[in-house]
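Colleague: One structure, pasted below without further comment.
Values quoted throughout were computed directly from the atomic coordinates according to the rules given, and no laboratory measurement underlies them. Note that the coordinates shown come from a computational prediction; the quantities given were computed from them, not determined experimentally. Cβ sites come from the backbone with ideal geometry, for glycine too, and all protein chains shown count toward neighbours.
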Amino acid sequence: MSERAIDLMKPQMQGLLAKHLRFHIVGAFPASLGVAAFCKFAVAKPRKKAYVDFYRNYDSMGDFEEMKKAGIFQNAK
Amino acid sequence: MWGPPLTYHMFFRAAWSLALRKGGPGIREMHNPGSAAHSKEKMPPYTNYHAQRSYPMPDEPFCTELNAEQRALKEKEKGSWTQLSHDEKVALYRLQFHETFAEMNRRSNEWKTVMGCVFFFFGFTALMIWWQRIYVFPQKPITLTDEWKAQQLQRILDMKGNPVQGLASRWDYEKKEWKK
């Protein structure tokens, strides 16, 4: 395992922090936007749709009667 | 800044090597099969030389007892380094340092031992907890018995808890069973 100096690449000697910062700051924007977009389309949109669908034809009085029949209310028997 | 952590590190290294000494070269061979460095250098804890990736420039050179040839080489080192041949430079490096960076940072098989011991103790803990559950734990409180839990669930379904996306939305109220 004898590597002569000629065969090895010289490593980067300066600007390491700047390189690290640039990579991460520039990468943070698409990463966070991507995560936000994913949350919006995979979580928020379906949830709003589920609520809209549930309440479109919701019979609140009928629901109340069912609950009353099941006997959970103290003051409405 | 490096003083106290390094002395603790050195102490544990010394204690560990002393413990290893009883088990011979067994574990070291297992962890690093086929490593080259088994020459007759001083092994810890009999030297003050400790190099690691985070502390790459130790206080003392690796070889302090030099024979005549090595002493002559050290004298030559005091002159111009362009006079040194490649092999002499390598020899000087080996006098100063035990291993190259590549050798020092080599991987090992230690992780297998570690994971094995971790899993072993997981299993041992599981057996202990099982025994405790049978012989030590008191009776369950009434709210954790199956009948009470069934009645509790029925009450939540009657109240239609979370009817949009949650629990009651998974219950079929006509067929009185969970939705498929």
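Colleague: If I ask for residues that are more than 16 Å from B:Ala168 (Cα to Cα), within 14 Å of another protein chain (Cβ to nearest Cβ) and not acidic (Asp, Glu), which ones from the range A:63-76 would you list?
Modeller: A:Lys68, A:Lys69, A:Gly71, A:Phe73, A:Gln74, A:Ala76
Colleague: Please specify each residue of the range A:24-57 satisfying the condition of being more than 11 Å from the chain's Cα centre (by Cα) and over 26 Å from B:Gln165 (Cβ atoms).
Modeller: A:His24, A:Ile25, A:Val26, A:Gly27, A:Ala28, A:Phe29, A:Pro30, A:Ala31
Colleague: Hey, any hits in the range A:42-65 for a residue that's assigned to a helix (DSSP H, G or I) and in contact with a Phe, Trp or Tyr (Cβ under 8 Å, 6 or more places away or on another chain)?
Modeller: No, because not a single residue in the range A:42-65 is assigned to a helix (DSSP H, G or I) and in contact with a Phe, Trp or Tyr (Cβ under 8 Å, 6 or more places away or on another chain).
Colleague: Mind listing just one residue for me: the one in the range B:85-123 that is within 14 Å of another protein chain (Cβ to nearest Cβ) and among the small types (Gly, Ala, Ser) and, of those, nearest to B:Pro56 (Cα to Cα)?
Modeller: Here the answer is B:Ala102.
Colleague: Here's another thing I want to ask about it. Find all pairs meeting these conditions: Cβ atoms under 9 angstrom apart; at least six residues apart or on different chains; first residue within the range B:113-139 and closer than 30 Å to B:His31 by Cα; second residue among the β-branched types (Val, Ile, Thr).
Modeller: So the pair list comes out as B:Thr113/B:Ile27.
Colleague: Got at least one residue in the range A:40-55 being closer than 30 Å to B:Glu99 by Cα, more than 10 Å from every other protein chain (Cβ to nearest Cβ) and hydrophobic (A, V, I, L, M, F, W, C)?
Modeller: Looking through the range A:40-55, none of the residues is closer than 30 Å to B:Glu99 by Cα, more than 10 Å from every other protein chain (Cβ to nearest Cβ) and hydrophobic (A, V, I, L, M, F, W, C).
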